[in-house]
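For reference, the structure discussed in these notes is given below.
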Amino acid sequence: MNMDEELQDARLRELARLLGAGAAERLDVERAAQAVVTRLRERPRVTLRGWVWMQPAWLKIAAALVLVLGAGFVTRVLLRERLPAAAVVLPLGEDLTDLTADQLRETVGALEQTFADESPGALDAGLESLNTIELRALLRTLES
Amino acid sequence: MPQAQSLAAADAVLIAAWQGGDEQAAAELVRRHARALARFLAAAGAPEADLDDLVQETFIRAFRAVARFRGQCQFRTWLLTIGGNVLKDAARRFQQVRVVPLDDELRSRDGDPHETAVAGEVEGRLREMLERLPHMQREVFLLRAQQGLEYEEIAAALGTSPGAARVHYHHAVRRLKESLQ
């Protein structure tokens, strides 16, 4: 460090020492002391609300994230319990033409199970006797 | 530092008394440290109109959290770091451009009026630059340059290492020098 730099450092420290000195001198210390004591007396030491709001921002974000994820998980579980399995997995619609006879039987079987749960006896006919075209027709009927 | 040690011992007695419910001990701690805290806050950018409130808020927070103070540094140093956080929170609320008045010392300084004006301008620029520094650099610079604290003390108060405090200080000094040239 050369002489010029040392002088600059000394000047900087001197300036830093002067900063705020005037404002600090004008502070009424006794009034501040009494005001602090009064406020300490008035405000309860620790409130739950105060504790929550004093936490760092990252902690609040983490807590919010946990709440959102938890709520999402619970909602998902509840929805899964309500929806019939077939409603989620059945490949109805334009894909029917790609299915083999076995896949079609399996799909109709699943549908049959669903409908049987809701209205027992709705599909009593045996699927084994139907050919591919008949199965597709039946599926389209069920779909509509 | 025998004087600092005796000050710390006296503070410890007052803190213990406050924890035991002695309000006058709290008032005495305010009397002992309010001016240093005000100087620190004003230098860090606190508007003078809000200085009284910021000082009070800092003491309130400190007294509420005094159980967490375990003598890792001096009470005053710990108080100043709390003040820095109070100011940071308040700065979000201020969000305003302000004109910084020259300090009285600079206004009333004897000598060449031109020199006085130049000194005032330099101080104003320094204050502006300080406000633009990252929080950590500003705090370390003020604790070191304004309050005259050692790096070990600063590091203990800010929860960092003396080496890191030294680096923050040198970055701050470099940027401030650039702005003053």
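For the range A:15-46, a residue qualifies if it is farther than 13 Å from B:ARG35 by Cβ, part of a loop (DSSP other than H, G, I, E, B) and not β-branched (Val, Ile, Thr), and the qualifying residues are A:LEU19, A:ARG43, A:PRO44, A:ARG45. Annotation: A:ALA21 fulfils all but one of (1) under 30 Å from B:ALA44 (Cα atoms); (2) at pLDDT below 85; (3) of a type in the set (A, V, I, L, M); the unmet one is (2). Evaluation of B:PRO47 against the conditions (1) farther than 21 Å from B:ARG132 by Cβ; (2) surrounded by 13 or more Cβ atoms within 10 Å (Cβ to Cβ) shows that the sole unmet condition is (1). Annotation note: of B:ARG127, B:ARG76, B:ARG61, the sole residue that is surrounded by 14 or more Cβ atoms within 10 Å (Cβ to Cβ), within 12 Å of chain A (Cβ to nearest Cβ) and at pLDDT 90 or above is B:ARG61. Taking the range B:144-163 on its own, how many of its residues are assigned to a helix (DSSP H, G or I) and surrounded by fewer than 16 Cβ atoms within 10 Å (Cβ to Cβ)? Going through the range B:144-163 one residue at a time, the tally reaches 3. Of the numbered criteria (1) surrounded by fewer than 12 Cβ atoms within 10 Å (Cβ to Cβ); (2) modelled with pLDDT under 65; (3) in a helix (DSSP H, G or I), the one A:GLY50 fails is (1).
Taking first residues from the range B:2-18 that are closer than 18 Å to B:LEU149 by Cβ and partners that are modelled with pLDDT of 90 or more and assigned to a helix (DSSP H, G or I), the Cβ contacts under 6 Å between residues at least 6 apart in sequence or on separate chains come to B:ASP11/B:PHE75. Could you list, in sequence order, the residues of the range B:38-50 that are in contact (Cβ under 8 Å) with a residue 12 or more places away in the chain and either outside any helix (DSSP H, G or I) or under 14 Å from A:ARG26 (Cβ atoms) (or both)? Across the range B:38-50, the qualifying residues are B:ALA38, B:ARG39, B:LEU41, B:ALA44, B:GLY45, B:ALA46, B:PRO47, B:GLU48, B:ASP50.
In the set (1) more than 10 Å from every other protein chain (Cβ to nearest Cβ); (2) under 15 Å from the mean Cα position of the chain (by Cα); (3) at positive phi; (4) of a type outside the set (Asp, Glu), B:GLY71 fails one condition alone, (2).
Suppose the filter is closer than 25 Å to A:LEU12 by Cβ and surrounded by fewer than 19 Cβ atoms within 10 Å (Cβ to Cβ); does B:ALA36 pass it?
Numbers: closer than 25 Å to A:LEU12 by Cβ: yes; surrounded by fewer than 19 Cβ atoms within 10 Å (Cβ to Cβ): yes.
It is true that B:ALA36 is closer than 25 Å to A:LEU12 by Cβ and surrounded by fewer than 19 Cβ atoms within 10 Å (Cβ to Cβ).
Flag set for B:ALA12, criterion: surrounded by fewer than 16 Cβ atoms within 10 Å (Cβ to Cβ) and either more than 9 Å from every other protein chain (Cβ to nearest Cβ) or among the β-branched types (Val, Ile, Thr) (or both). Screening the range B:51-91 for residues that are polar (S, T, N, Q) and in a helix (DSSP H, G or I) and picking the one that is nearest to B:GLN147 (Cα to Cα) gives B:THR77.
The values are calculated or read from the model by the stated rules, or taken from the named source; none is laboratory data. All of these numbers come straight from a predicted model, not from anything done at the bench. Every residue, glycine as well, gets a Cβ built from its backbone with ideal geometry; the counts of neighbours run over all protein chains shown.
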